[in-house]
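Each reported figure results from applying straightforward, stated rules to the coordinates on display, with no laboratory input. Just so we're clear, the structure is a prediction, and the values are computed from it rather than from any experiment. Positions of Cβ are generated from backbone atoms using ideal geometry, with glycine treated the same way; all protein chains shown enter the neighbour counts.
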2 protein chains.
Amino acid sequence: MQNYRQVAKAIETMVVRGAPAIGAAAAMGMALAANTCKSKPRERSLRDLEVAAKVLGSSRPTAWNLFWAIDRMMRKAYECQGSGRQIALAMVEEAQRIAEEDIAVNHRIGEFGASLLTDGDQVLTHCNAGTLATVSYGTALAPIRTAIAQGKKVSVIADETRPRLQGAKLTSYELLHDGIPVTLIVDGAAGYVMKIGMVQKVIVGADRITRKYVANKVGTYMIALAARTNNIPFYVAAPTSTFDLGNGSGDVKIEERDQGEVTQIAGKRIPPRGVHVFNPAFDLTPLDLVQGLITERGVIAPTSWEDVKSSLRQERVSS
Amino acid sequence: MQNYRQVAKAIETMVVRGAPAIGAAAAMGMALAANTCKSKPRERSLRDLEVAAKVLGSSRPTAWNLFWAIDRMMRKAYECQGSGRQIALAMVEEAQRIAEEDIAVNHRIGEFGASLLTDGDQVLTHCNAGTLATVSYGTALAPIRTAIAQGKKVSVIADETRPRLQGAKLTSYELLHDGIPVTLIVDGAAGYVMKIGMVQKVIVGADRITRKYVANKVGTYMIALAARTNNIPFYVAAPTSTFDLGNGSGDVKIEERDQGEVTQIAGKRIPPRGVHVFNPAFDLTPLDLVQGLITERGVIAPTSWEDVKSSLRQERVSS
């Protein structure tokens, strides 16, 4: 991509998707914006970067990593006391750091999460929170990768995840590619496979975590309810950059996407013309349905938001 | 259709689907079989009918109406003391009676169910339990039709219902056709629309009801859990022919259907080749999640199976 507007478009149209990948892409978009300011004085450069931040920040409303990455990039710009050229150098470096950190963070999530998995476990996951949703290694899929690397036999049940079918297209693909056993089901079958004993753990990613909710791909909430009813631990794997710690109300804006995502599959219209469609991209899972938040700082039981916040505010683990 | 084997194939391949429609079709298949026995003596005729009963009974394993209709047709055959010709006449009449009764029964379900609906209600339904799943009028959609005929404003949220998309293709179609307001959502969004207050009642159909479970289209169980959590009444609308009263264990064989239903949408392959697929067609909702069973004999609270059985064994209401 040649400029930040292309990056914003790629995020909006889900060419890049997955909260951590969106964050890293937005950081790269900010770096591209900074590169065009190389010959500009500092004030003009910062003004242009604020515009880029606004455009990138309007691409999608729910994933917190987007705002986290843009804020971090803008902080870096303001910290840099030099010219446009020096700001650009600093921002390119910072974007690269964000991307590299994401990989390291995901490996830490993998290590902490793997300790929760037992030899023989079959793990249900929703949507794609793997390599294809991050810079590499994944969030929800990281504990599975690490557990397998440790010699445990772990297999995956992937929900197909309508409307965009990320489970069928992406999770199936990356697990098959890496030789990890995967079984694909329709979203509606998640409760049944739990009920008949096919699932030992559920691990999903997150787009935003607040004092009240985990916002994640629509369908997550019903999976969490079915897991609770069937006494199956429900884990959320996410880097600390997904935590919206300053959100006092805990409420989250849920993106509604185009009807065409529901009405067109593989280019073909499914329902009759004229039907009204409601297409929320995410849903909200109350924190009390979550057994543990698997982060790069450890696994946190979300019993109290103050505890979560203090766990996350610890000194960053060197990685 | 020209013979019972074509009918069995139509049921197996879901050209005819929906438990009451399957029952009526199987009865017609038995009548077609009886018609080919017109010139045969009674014993030979009964032997051929037993073969037809076996073939039709092997078409699909879950919907109880299939076995109910075949049993009723065979009882009629054995009751008739005449020749093949007389048996055929009796069976054609019985099949037509089953089809006509289905319509009357569904209107009774509509009347009893409509009393549960309030002006302004939005009702969530799953799969298709409408006109296109019955001889006419529907089961889950019957209360909605009747309530609207009574002047209540009632609208519907239809799950698209993967893998076969009966909600997107059939429920949307028949409600649009009849001018009943309908909103289509993906299956995973059912919990979210309940959580944000868009749903006042849930009504689904059933393929089989036992002392333990409602077997219905896969996805029903998670909807029932989300309804319970959000204090939304969850109703099952079904004729008494869906009740498997003699089933002591309450267990139900859940049909697994072809992988292609999941992997191919609109003729196009979605997941990568080589992925393993599990495709259960139904799931099991424990009776304690059901607020009421809407039948042609009235609305029954399934608090005790003995009460359910005694309600259903009452003298048939003339219709």
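Just check the range A:101-207 against the gyration tensor rule for me: Cα atoms, a ≥ b ≥ c as the square roots of the eigenvalues, rounded for a/c under 1.5, and otherwise prolate or oblate depending on whether a/b exceeds b/c. Oblate, because a/c is 1.5 or more while a/b does not exceed b/c.
Computed on the range B:1-151, the Cα convex hull volume stands at 99 Å³ per residue.
Put a dot 7 Å past the Cα of residue B:307, heading toward its Cβ, do the same for residue A:230, and the two dots end up 2.9 nm apart. When chain A is treated as a Gaussian network with alpha carbon springs shorter than 10 Å, the biggest mean-square fluctuation among A:155, A:39, A:59 belongs to A:39. Straight-distance candidates among the lysines for linking to residue A:9, with alpha-carbon spacing under 17 Å and chain neighbours fewer than 8 residues away dropped: A:54.
Distance between the 7 Å Cα→Cβ label points at residue A:198 and residue A:93: 5.2 nm.
Net charge in the neighbourhood of residue A:288 (other residues with Cβ under 13 Å of its Cβ; Lys, Arg +1, Asp, Glu -1) is +3. Counting every other Cβ atom within 10 Å of each residue's Cβ, B:134, A:171 order from fewest to most as B:134, A:171.
The angle separating the long axis of helix A:220-229 from the principal Cα axis of greatest extent in chain A is about 40 degrees.
Once the C-beta distance of residue B:278 and residue A:1 is scaled by a Förster radius of 35 Å, the resulting FRET efficiency is 0.35 to the nearest 0.05.
Compared with the dominant Cα axis of chain A, that is its longest principal axis, helix A:84-114 is turned about 20°. For the peptide A:212-224, the mean number of other protein chain Cβ atoms found within 10 angstrom of a residue's Cβ is 4. Ordering B:193, B:183, B:209 by Cα displacement along the dipole of the range B:178-220 toward the positive end leaves B:209 in first place; charges were set at the Cβ atoms of Lys, Arg (+1) and Asp, Glu (-1). Partner lysines whose Cα lies under 18 Å from the Cα of residue A:268, excluding those fewer than 8 positions away in the same chain, are identified as A:169, B:169, B:268. Cβ crowding within 10 Å, taken as a proxy for footprinting-reagent exposure, orders B:56, A:66 from fewest neighbours to most as A:66, B:56. Between copies, residue A:288 shows label-point distances of 1.9 nm, shortest first, with the point placed 7 angstrom from Cα along Cα to C-beta. Residue-normalised convex hull volume from the C-alpha trace of the range A:122-278: 135 Å³ per residue.
Annotation: lysines with alpha-carbon distance below 19 angstrom to residue A:40 (same-chain offsets under eight excluded): A:76.
Rounded to two decimals, the Cα-based Rg/Rh of the protein assembly as shown, with Kirkwood Rh, is 1.06. Applying both filters, DSSP loop and at most 12 other Cβ atoms within 10 Å, to the trypsin sites (Lys or Arg not before Pro) of the range B:213-280 gives B:253, B:273. For the range B:151-283, the Cβ-based charge dipole about the Cα centre amounts to some 260 debye (Lys, Arg positive; Asp, Glu negative; other atoms uncharged). Using alpha carbon centroids, what distance separates the range B:110-173 and the range B:31-54, in Å? The range B:110-173 and the range B:31-54 have Cα centres spaced 38 Å from each other. Going by neighbour counts of Cβ atoms within 10 Å, the residues B:78, B:173 line up, fewest first, as B:78, B:173.
Taking Lys and Arg as +1 and Asp and Glu as -1, the other residues whose beta-carbon sits under 13 Å from that of residue B:90 total +4.
Distances between copies of residue B:231, taken at a point 7 Å out from Cα along the Cα→Cβ vector and listed shortest first: 2.9 nm.
Model label points for residue B:81 and residue B:256, set 7 angstrom from Cα along the Cα-to-Cβ axis, are 5.0 nm apart. Considering only the other residues whose Cβ falls under 13 Å of the Cβ of residue B:123, what net charge follows from Lys and Arg at +1 and Asp and Glu at -1? Neighbourhood net charge equals +1. Helix A:42-57 axis versus longest C-alpha principal axis of chain A: approximately 20°, rounded to the nearest ten. Within the listed set B:81, B:200, B:122, the residue fluctuating most in the Gaussian network model of chain B (springs between alpha-carbon atoms under 10 angstrom) is B:81. For residue A:149 and residue A:54, the difference between the fully extended length at 0.36 nm per residue and the C-alpha to C-alpha distance is 30.1 nm. Label-to-label distances for residue A:120 across copies, nearest first, come out at 5.4 nm, using points 7 Å from Cα in the beta-carbon direction. If you look at the Cα atoms of the range A:26-75, you get an Rg and a Dmax of 10.7, 35 Å.
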